[in-house]
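Heads up, the thing below is written out as structure tokens.
The values are calculated or read from the model by the stated rules, or taken from the named source; none is laboratory data. Small disclaimer: the values here were computed from a predicted structure and weren't measured. Virtual Cβ from ideal backbone geometry, glycine too; neighbours counted across all protein chains shown. To get the accessible areas, we keep the full protein, side chains included, count just its heavy atoms, and leave off ligands, DNA and RNA. Shrake-Rupley method; radii C 1.70, N 1.55, O 1.52, S 1.80 Å.
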Amino acid sequence: MLMEVGEWQHVFKLDPNKEISDEDLELVCESGTDAILVGGTDGVTLDNVLSLMSRVRRYSLPCALEVSNIESVTPGFDFYFIPSVLNSRKTDWVVDLHIEALKEFGDIMNWEEIVAEGYCILNEDCKAAKLTEANTNLSKEDVIAYARLAERMFNLPVFYLEYSGRYGDPEMVQATKQTLEKTRLFYGGGITTAERAKEMAAYADTIVVGNVVYDNLPEALKTVTAVKNRKDN
Ligand SMILES: CC(C)=CCC/C(C)=C/CC/C(C)=C/CC/C(C)=C/CC/C(C)=C/CC/C(C)=C/CC/C(C)=C/COP(=O)(O)OP(=O)(O)O
Ligand SMILES: O=P(O)(O)OC[C@@H](O)CO
Ligand SMILES: [Mg+2]
């Protein structure tokens with residue numbers, strides 16, 4: 001696991017397909033968050049990725065691309081996060097698109113910059129679940145088995161519990177965290193307040209805050225201090 005990524009506690013996920021003003025972007029990048037993850041499910045193009053990357057690059061924090069399609073991959077990011085949706089019903093989203101990409105980029109990839117993520121999507125209504133035909137009807141035992149698959153069988157550096165757009169079950173996150181030893185647990189979904197950020201950060205290694213940046217920036221900014229000022233920090 002890359003040392004630096006292993007230290008991230010709080011990350012803002014910015015969607016290249018959404019508008020953000022220069023003033024708001026400055027507040028986000030200077031909030032004290034550990035990194036910016038650029039990614040979204042739909043409408044992600046080379047143009048909007050390049051534009052957002054160059055704007056984030058004015059600030060000194062790490063900037064990573066979470067690859068959602070091969071057309072929008074471009075040099076210039078610090079890291080490339082590569083999702084595999086472990087609970088997808090279609091192999092495209094688990095390995096097939098990855099094999100196609102590796103045939104194209106495999107020879108020139110800098111593996112130091114690559115972070116493979118095992119996604120487990122639990123909100124059936126989010127775009128990522130619909131696109132990937134994820135089986136979101138999972139019990140705690142199922143999720144624990146996916147976490148073990150990610151860590152013990154696939155040796156993935158990141159297991160990502162994704163509830164995008166909906167606040168998840170803290171008990172599920174706690175149980176997953178207790179299962180994992182080396183693999184880092186990312187939690188994302190519905191973190192819209194400092195309280196929620198604090199609650200999920202007590203279990204997940206890294207919390208990812210997305211839509212609230214666009215819906216309520218002052219609340220989004222409070223999630224950073226909520227995580228960074230925790231007693232156990
Ligand atoms: C030239 C150069 C520098 C090369 C770099 C090398 C490199 C990084 C090459 C790529 C290698 C590689 C193996 C790529 C994988 C290709 C690929 C397309 C994989 C599939 C990815 C995937 C599973 C996508 C499905 C959607 C998904 C999980 C997206 C992640 C982000 C996410 C969940 C966003 C939130 O979405 P949602 O809330 O549902 O919707 P909104 O957008 O409205 O928020
Ligand atoms: O947009 P929200 O609900 O904060 O989710 C964040 C992230 O996990 C989405 O991929
Ligand atoms: Mg989003």
Requested in this report: Kindly provide the set of residues from segment 1-35 that are touching an Asp or Glu at 6+ places or on another chain (Cβ under 8 Å), more than 14 Å from residue 208 (Cα to Cα) and within 16 Å of ligand 3 (Cβ to nearest atom), ordered by number.
Outcome: 17
Query raised in the report: Is it true that some residue in segment 152-166 is assigned to a helix (DSSP H, G or I) and either in contact (Cβ under 8 Å) with a residue 40 or more places away in the chain or over 27 Å from residue 89 (Cβ atoms) (or both)?
Result: no
Report task. Mind counting the residues in segment 27-42 that are in a helix (DSSP H, G or I) and over 25 Å from residue 205 (Cα atoms)? Result -> 0
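Got at least one residue in segment 21-39 being within 13 Å of ligand 1 (Cβ to nearest atom), open to solvent by 50 Å² or more (accessible area, probe 1.4 Å) and at negative phi?
In the first step, residues of segment 21-39 are kept if they are within 13 Å of ligand 1 (Cβ to nearest atom); the result is 37-39.
Right, trim to open to solvent by 50 Å² or more (accessible area, probe 1.4 Å) and you get none.
No, that holds for no residue.
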**Report entry** Whichever residue in segment 75-90 is farther than 17 Å from residue 130 by Cβ and not in a strand (DSSP E or B) and, among such residues, is least open to solvent (accessible area, probe 1.4 Å)
**Finding:** 77
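Residues of segment 176-202 being closer than 18 Å to residue 117 by Cα and more than 11 Å from ligand 2 (Cβ to nearest atom), which ones? Before the answer, list the steps.
Here is the first cut: in segment 176-202, the residues closer than 18 Å to residue 117 by Cα are 176-177, 179-189.
Within segment 176-202, 176, 177, 179, 180, 181, 182, 183, 184, 185 qualify.
Per-residue answers, yes or no, for (1) within 16 Å of ligand 2 (Cβ to nearest atom); (2) open to solvent by 20 Å² or more (accessible area, probe 1.4 Å); (3) among the polar types (S, T, N, Q):
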| site | (1), (2), (3) |
| --- | --- |
| 51 | no, yes, yes |
| 57 | no, yes, no |
| 64 | yes, no, no |
| 103 | no, yes, no |
| 113 | no, yes, no |
**Report entry** Failed condition for residue 131, given (1) in contact with a Phe, Trp or Tyr (Cβ under 8 Å, 6 or more places away or on another chain); (2) open to solvent by less than 20 Å² (accessible area, probe 1.4 Å); (3) farther than 27 Å from residue 181 by Cβ
**Finding:** (2)
